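The values are calculated or read from the model by the stated rules, or taken from the named source; none is laboratory data. It should be emphasised that the depicted structure is a prediction, and the values quoted were computed from it without experimental measurement. Using ideal geometry, Cβ is built from the backbone for each residue, glycine included, and neighbour counts are taken over all protein chains shown.
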Amino acid sequence: MTTYTPRNISTARWERIQVFVEDATAIATPRCAYTQERLLVICGRFVDWAVNEAGLPLRADVVFRPEVVARYVSHPSLNLAATTRRNYRATLMRVSEVLLPDTPATAFKPLSAKDSMRPYTPSEEVRLENWARGQKSPERERNAMVLLSLSMGAGFWAGEILTARHEDFLFDEDGVLATVRGAKARYVPLLAKWEPWLQEAISDLHDGDFVFGDPSRQGSRNVVNEFIQRVGRTSKMPVPQTNRMRATWLVTHLANRTNMRALMRAGGVQKFENLARLLKFVPELDTVEYRRHLRGEANR
């Protein structure tokens, strides 16, 4: 077995996925044109994203599905050139073919360096709110409300929702301040719209309780994606996706002209390019507002 220690994955996150990644690459290497060292690097980053950020269960038949590979290589957080993304996709798809030989072939869209997750439209956001409020049990409604308020209200990744506890949220006269722990530790003020949602959703919980899923659960099993896949939705309702919800939060702040440095800090964003990809979703100013802004009047 090749020994590999990743440089860009924390020890805790790597320990969670190490055996899975090593087993997958050991199986795939004899049937690939790549060394196991190369597969460990690419698969390690991929599985870290899929499990620790996207919240998928640690199962080969889920993680290595072609559509998950497609989501990963087009995701804004993957700071790689389009050519490198294509190479990653080819490598991961070969591993997928070895591990999941019965999965039908998938046609992929061409990759572009400008690929980005599309935020929800205002009408889609309303449908998601109705979906959350229309759950069949108080427990499901609470989870749906937490999901929306933390993703669209504070830009949480799925893995951050998974680990958030009751004591991580401060309610005071200035609103709600969320504490995000882990690799991208930060403080995030909730958008005012989502403050009453979160307050209602976690009002019966106590310090030490997880705010999503079973409050007293053990371990970090993927409960976010399991919840989304388990609850029903109508055909006209958009698929709830935490990365699209986070993009919606970012675009809301960009449209509101939030201080860029503050937004990058609150969003755990290290490179401006990750925000620049979302600028195409920000509404354009009309002629009058355009002139006011460029003249400097808007900030007076």
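Could you please find all residues in segment 254-300 being among the small types (G, A, S) and modelled with pLDDT of 90 or more?
Matches in segment 254-300: A255, A262, A266, G267, G268.
Restricting attention to segment 2-24, does a residue exist that is touching a residue at least 24 places away in the same chain (Cβ under 8 Å), in the same structural domain as L92 (by TED's automatic domain parsing), touching a Ser or Thr at 6+ places or on another chain (Cβ under 9 Å) and closer than 23 Å to A90 by Cβ?
Checked segment 2-24: no residue is touching a residue at least 24 places away in the same chain (Cβ under 8 Å), in the same structural domain as L92 (by TED's automatic domain parsing), touching a Ser or Thr at 6+ places or on another chain (Cβ under 9 Å) and closer than 23 Å to A90 by Cβ.
Could you please find all residues in segment 1-59 being charged (D, E, K, R) and not in a helix (DSSP H, G or I)?
Within segment 1-59, R7, R59 meet the criteria.
Between V239, V251, V211, V223, which is modelled with pLDDT of 90 or more and either closer than 27 Å to V63 by Cα or surrounded by fewer than 18 Cβ atoms within 10 Å (Cβ to Cβ) (or both)?
V211
Quickly run through segment 1-45 and pick out the residues that are surrounded by 17 or more Cβ atoms within 10 Å (Cβ to Cβ) and either touching a Gly at 6+ places or on another chain (Cβ under 6 Å) or basic (K, R) (or both).
Selection gives P6, R13, R16, V21, R45.
Condition test on V62, is it part of a helix (DSSP H, G or I), outside the structural domain of A183 (by TED's automatic domain parsing) and buried (at least 17 other Cβ atoms within 10 Å of the Cβ)?
no
Considering only segment 153-176, I want to know if a residue exists there that is free of Cβ contacts under 8 Å to residues at least 40 places away in the same chain, over 24 Å from D48 (Cα atoms) and buried (at least 21 other Cβ atoms within 10 Å of the Cβ).
Yes, that holds for at least one residue.
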